[in-house]
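Participant: Here it is, the structure, as structure tokens.
The values are calculated or read from the model by the stated rules, or taken from the named source; none is laboratory data. Nothing here was measured: the structure is a model prediction, and the numbers come from that model. Here the Cβ positions follow ideal geometry from the backbone for every residue, glycine too, while neighbour counts run over all protein chains shown. Note: areas computed on protein heavy atoms with side chains; ligands, DNA, RNA excluded. Shrake-Rupley method; radii C 1.70, N 1.55, O 1.52, S 1.80 Å.
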Amino acid sequence: MMKRNMKVFIAAGLSAALMISMTGCGKKEQLKANINPDTPVEEVTFPLEEKAELSFITNAPATSTQNPNEREIFKRLEEQTNVHIDWTCFVADQFADKKNLALAQFGNLPDGLFNAGMNEYDLLRYAKQGIIIPLENLIDKYMPNLQAVFEKYPEYRTMCTAPDGHIYSFPWIEQLGEGKEAIQAIGNIPYINKKWLDFLGLEVPKTTAELEKVLIAFRDNADALEEEFQIEGDVIPMSFIINNGDQDPGILINGFGEGYGDTGDHFAVTDEGEVIYTTVQEGYKEGIKWLHSLVEQNLVDPEAFTQVWSTYVAKGKSHRYGLCFTWDISNIDNYNDYVMLPALAGPDGLVNITRQNNSETSGFDRGRCVLTTSCDNTALAAAWIDQMYAPLQSPQNNWGTYGEEDSFNIFEMGKNEKGEPMLLHMDLGDQSPVEVREAQSVNGPLAILNEYYGEYVTQPADAKWRLDNMHETYLKDMNSKYVYPNVFMSIEDTNKISQYDTDIKKYAEQKKADWILNGGIDEEWDSYLKKMEQYGLSDYLKIKQKYFDKYQESLKEEQKEE
């Protein structure tokens, strides 16, 4: 499939237009050329007869190669397309700052950013500044693979489209289940050490009170556990990384009060369609008090409020955790010793799982790839990026590839039931999925659709394990009707939201960590609520509500059209 020829067009006349000054009439002419790629074209097929070159900025984990052209995926793509990529690669954890500095060098921009990491605010401000270009006509003319995705799932095109009607970025899409059954429905899954429970003759907890007793048992039997299982280092009843997405313990407090607990972005939607902020709810306050009581009883890792990922993993690989939180337990320890802790009933018997926001449409990242005004061959760039959306290419970019010598491969190339090429996931054994994938995957723009599984690629074993266990453990307790959708706001509202995120979220998370560690939430609650209002919480919620309501209306319109 990857060797098939695909007719594309290269806009020969864009180079001159893109060199026009960014001021006055020149800017208008340049923008017109980008929006409407109607300059004279010549027809070509991949591989090109003569080698062409594009330049992109990207990033990669510090543990992997910093030269993307050393990755098998890009070696193969260059052979198939005859397009060489001049990469500027930054270490992932430095990328945000490095990217902004690079984009400030207006006269020395690359053709695009492959792993752009841009949110709505970034896309709109860089578009307004004339640094990145509109893409919708390039998509329609030169990108049949992405077009096929948009035709199958028009909501993705809608979510990519800015309020001004333009598309400024190429998305990342990963489907694995949908709605409440999507693998993205829950991120910070609590995994409890079943081996320890069995050794101590304990059952998997079903309530917050039962969990507390189990953690106490882990603490009080630490010596016996360390001796029985030859654990190096002290037993840690519970560990996490506070305010760190999938590693945060907020899911434990869903049984308190109203049952919303705390989500990664601290938003939830009531069944009546009201957008709320989780960290100002009474149930949140009661849940935080309970988490602090666990700290007081020495049941929580003291480093949980300061540790980084590497430290968290290192202790997990030493098998020291009784309870920890993450997307996939094999990244921390192993599948055999742990089970998912079910939704816990709170003091009043309430059981609920608040799904992650944006998960209704599965995995989606709007700002994964952009083209800049320095790109003088936008048609070629769009056609090359479209290769990333080919059904056999997207899984490789997302997870890893096949055929690499002297290295662990994620896939082997096999055949489906029709006898056509199909990527078969290989057994990871004891390897960490994250570490293995980081060595081969390139991320960037891609689309993996539910219908690809069984035709172009097998489900990853770890994802299938996670999804099956999620459904068995949590599906029945996902009671919430709504999740907050992935909306695209205007630049004015995005500016406001960006400021509110900075002030409100920072303050809320600072107090969350402080209260769990040191207590004092009852005494400070009223002043905390007042401070949140001073930071603009009510206006923040009004803006979020406006776009939630618009999204619901758009769904109704789509249903009418169907």
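Participant: State all residues of region 403-420 that are more than 18 Å from THR65 (Cβ to Cβ) and open to solvent by 10 Å² or more (accessible area, probe 1.4 Å); if no residue qualifies, say none.
Facilitator: Within region 403-420, the subset more than 18 Å from THR65 (Cβ to Cβ) is 411-420.
Listed by number, the residues that qualify are GLU412, MET413, GLY414, LYS415, ASN416, GLU417, LYS418, GLY419, GLU420.
Participant: Scan region 126-144 and report the pairs whose first residue is in contact (Cβ under 8 Å) with a residue 60 or more places away in the chain and of a type in the set (Ser, Thr, Tyr) and whose second residue is in a loop (DSSP other than H, G, I, E, B) and open to solvent by less than 10 Å² (accessible area, probe 1.4 Å), with Cβ atoms within less than 8 Å and a gap of 6+ or a chain change.
Facilitator: Once the first residue is in contact (Cβ under 8 Å) with a residue 60 or more places away in the chain and of a type in the set (Ser, Thr, Tyr) and sits in region 126-144, its partners that are in a loop (DSSP other than H, G, I, E, B) and open to solvent by less than 10 Å² (accessible area, probe 1.4 Å) give TYR142/PRO37.
Participant: From (1) part of a strand (DSSP E or B); (2) open to solvent by less than 10 Å² (accessible area, probe 1.4 Å), pick out the condition that doesn't hold for TRP172.
Facilitator: Checking TRP172 against (1) part of a strand (DSSP E or B); (2) open to solvent by less than 10 Å² (accessible area, probe 1.4 Å), the one that fails is (2).
Participant: For region 227-334, list the strands (runs of 3 or more DSSP E) that sit wholly inside it and hold at least 2 residues that are within 23 Å of LYS194 (Cβ to Cβ); which are they?
Facilitator: Passing ranges, in order: 236-238, 321-326.
Participant: Can you name the condition, by its number, that ASN352 falls short on among (1) open to solvent by 30 Å² or more (accessible area, probe 1.4 Å); (2) in a loop (DSSP other than H, G, I, E, B)?
Facilitator: In the conditions (1) open to solvent by 30 Å² or more (accessible area, probe 1.4 Å); (2) in a loop (DSSP other than H, G, I, E, B), ASN352 misses (1) alone.
Participant: Looking at region 460-496 only, could you name the residues that are outside any loop (DSSP other than H, G, I, E, B) and open to solvent by 40 Å² or more (accessible area, probe 1.4 Å)? Show your work before the answer.
Facilitator: The first filter runs over region 460-496 and keeps only residues outside any loop (DSSP other than H, G, I, E, B), leaving 461-477, 491-496.
If the condition is that a residue be outside any loop (DSSP other than H, G, I, E, B) and open to solvent by 40 Å² or more (accessible area, probe 1.4 Å), then ALA461, LYS464, TRP465, ASP468, ASN469, HIS471, GLU472, LEU475, LYS476, GLU492, ASN495, LYS496 are the ones that fit.
Participant: Considering only region 217-235, state which residues are in contact (Cβ under 8 Å) with a residue 60 or more places away in the chain and open to solvent by 10 Å² or more (accessible area, probe 1.4 Å). It would help to see each step written out before you state the result.
Facilitator: Step one: of region 217-235, the residues in contact (Cβ under 8 Å) with a residue 60 or more places away in the chain are 218-219, 229, 231-235.
Residues satisfying the conditions are ARG219, PHE229, ILE231, GLU232, GLY233, ASP234, VAL235.
Participant: Being open to solvent by less than 50 Å² (accessible area, probe 1.4 Å) and over 20 Å from LEU446 (Cβ atoms), is that true of even one residue in region 139-147?
Facilitator: no
Each row is one residue, and each column tells you yes or no for (1) surrounded by 15 or more Cβ atoms within 10 Å (Cβ to Cβ); (2) at pLDDT below 95.
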site	(1), (2)
LYS3	no, yes
PHE9	yes, yes
SER21	no, yes
GLY24	no, yes
LYS28	no, yes
THR45	no, yes
LEU54	yes, no
GLN80	yes, no
ILE85	yes, no
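Participant: Somewhere in region 421-444, is a residue under 18 Å from GLN147 (Cα atoms) and either of a type in the set (S, T, N, Q) or modelled with pLDDT of 95 or more (or both)?
Facilitator: Yes: region 421-444 contains one or more residues that are under 18 Å from GLN147 (Cα atoms) and either of a type in the set (S, T, N, Q) or modelled with pLDDT of 95 or more (or both).
Participant: Among the residues of region 193-216 satisfying the criterion of being of a type in the set (A, V, I, L, M) and farther than 10 Å from GLY322 by Cα, which is surrounded by the most Cβ atoms within 10 Å (Cβ to Cβ)?
Facilitator: LEU211
Participant: Out of LYS511, LYS505, LYS542, report the one residue that is at pLDDT 95 or above and within 23 Å of the chain's Cα centre (by Cα).
Facilitator: Only one candidate passes the filter, namely LYS505.
Participant: If you don't mind, another one. Would region 105-118 turn up any residue that is exposed (fewer than 14 other Cβ atoms within 10 Å of the Cβ) and among the aromatic types (Phe, Trp, Tyr)?
Facilitator: yes
Participant: Please go through region 359-383 and pick out each residue that is surrounded by fewer than 24 Cβ atoms within 10 Å (Cβ to Cβ) and assigned to a helix (DSSP H, G or I).
Facilitator: Once the filter is applied, which keeps residues that are surrounded by fewer than 24 Cβ atoms within 10 Å (Cβ to Cβ) and assigned to a helix (DSSP H, G or I), region 359-383 yields SER359, GLU360, THR361, ALA379.
Participant: Need pairs with beta-carbon distance below 6 Å; first residue free of Cβ contacts under 8 Å to residues at least 12 places away in the same chain and within region 398-419, second crowded, with 18+ Cβ neighbours inside 10 Å and outside any loop (DSSP other than H, G, I, E, B); sequence gap 6+ or separate chains.
Facilitator: Listed by first residue and then by second, the contacts come to GLY414/MET422; LYS415/MET422.
Participant: Please state which of the following conditions ILE448 fails to meet, knowing it meets all the rest: (1) modelled with pLDDT of 95 or more; (2) surrounded by fewer than 21 Cβ atoms within 10 Å (Cβ to Cβ); (3) within 20 Å of the chain's Cα centre (by Cα).
Facilitator: Failing condition for ILE448: (2).
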